[in-house]
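The values are calculated or read from the model by the stated rules, or taken from the named source; none is laboratory data. Nothing here was measured: the structure is a model prediction, and the numbers come from that model. Neighbour counts are summed over all protein chains in view; Cβ atoms, including those assigned to glycine, are modelled from backbone coordinates with ideal geometry. Keep in mind that these areas ignore ligands, DNA and RNA; they rest on the heavy atoms of the full protein, side chains included. Shrake-Rupley method; radii C 1.70, N 1.55, O 1.52, S 1.80 Å.
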Amino acid sequence: MFKKLIISVLASVASMTAIAGAPYFGARLFMDITVPSHSGGVYKNGSGFSVGAIYNQPVYKRFYFEPGLMFFYNTMGVKPFEIDGHLYDGSVRNLGLRLPVNVGYDFDVLDNLTIGIFTGPWLNFNITAREHTLPDFEGPEPATSANLFDRGWKRFDLQWGFGLKVRFADHYYLGLSGGVGLTPLARYGSDNKPFKMYRNSFGVALGYNF
């Protein structure tokens, strides 16, 4: 009885996989915009890029599961501030790894044109996060850049992602995606005035599916 049940389950999984289609790998390059929220005006929008790979596993009919691994480099602006009477400006440079775990659905529009939607959690691992300060017109150069992990930035933060993609000529990929911060990227401020900053992002992607 148990053996027949196992065989039945395996046959069902094989049948669903056959209906869904073949899995594939893909390469992705994103141009990113980072929009910090709830920063108390300390940080401003910035730009960057991410590059990496995905694995697309069809599940049933046109539904699919798509994890990936991306290397990202993002920047943010810093609100001008004074040091010893001199006005300073600066930027944040953030390097890390992103693990998106998306699920989605594809719509076949033409023989060689597919439009898809997807959503899922994105886990970010921040390898480095440094603030580089520059004087505005006058004032001495800062001696070093600041390690933001000493100022309340987190090694990990979580976003919820969503997006729209187009696949054409079998292999080529265009995509638009966004990610909304679920957990703080940084906590700073005083007990009387604490801030929890979240990472929100928007990206335009080019890709190739193998």
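Among the conditions (1) modelled with pLDDT under 95; (2) open to solvent by less than 30 Å² (accessible area, probe 1.4 Å); (3) among the aliphatic types (A, V, I, L, M), A205 misses just one, which is (1). For region 178-189, the count of residues that are under 21 Å from the mean Cα position of the chain (by Cα), under 21 Å from V109 (Cα atoms) and surrounded by fewer than 17 Cβ atoms within 10 Å (Cβ to Cβ) is zero.
Looking only at region 44-69, count how many residues are closer than 21 Å to I33 by Cα and of a type in the set (F, W, Y).
1
The set of residues in region 76-108 that are within 30 Å of E66 (Cα to Cα) and of a type in the set (K, R) comprises R93, R98.
Of all residue pairs spaced 6 or more apart or on separate chains, those with beta-carbon atoms under 7 Å, a first member in region 101-116 that is modelled with pLDDT under 95 and a second member that is in a loop (DSSP other than H, G, I, E, B) are N112/A169; N112/D170.
If the condition is being under 21 Å from the mean Cα position of the chain (by Cα) and either open to solvent by 30 Å² or more (accessible area, probe 1.4 Å) or of a type in the set (D, E, K, R) (or both), then region 83-105 contributes S91, R93, L95, L97, R98, L99, V101, V103, Y105.
Within region 54-66, restricting attention to residues that are in contact with a Phe, Trp or Tyr (Cβ under 6 Å, 6 or more places away or on another chain) and assigned to a strand (DSSP E or B), which residue is most open to solvent (accessible area, probe 1.4 Å)? Only one residue fits best here, namely F63. Selection of first residues in region 56-78 that are of a type outside the set (D, E, K, R) and of second residues that are crowded, with 16+ Cβ neighbours inside 10 Å and not in a strand (DSSP E or B), restricted to Cβ pairs under 8 Å at least 6 apart or on distinct chains, gives the following pairs, ordered by first then second residue: P58/A20; V59/A20; Y60/A20; F63/A20; Y64/A20; V78/V42. Open to solvent by 30 Å² or more (accessible area, probe 1.4 Å) and either charged (D, E, K, R) or not in a strand (DSSP E or B) (or both), is that true of R199? Taking the combined requirement at face value, the residue does not satisfy it. Answer with yes or no whether K165 is in contact (Cβ under 8 Å) with a residue 40 or more places away in the chain and of a type in the set (K, R). Taking the combined requirement at face value, the residue satisfies it.
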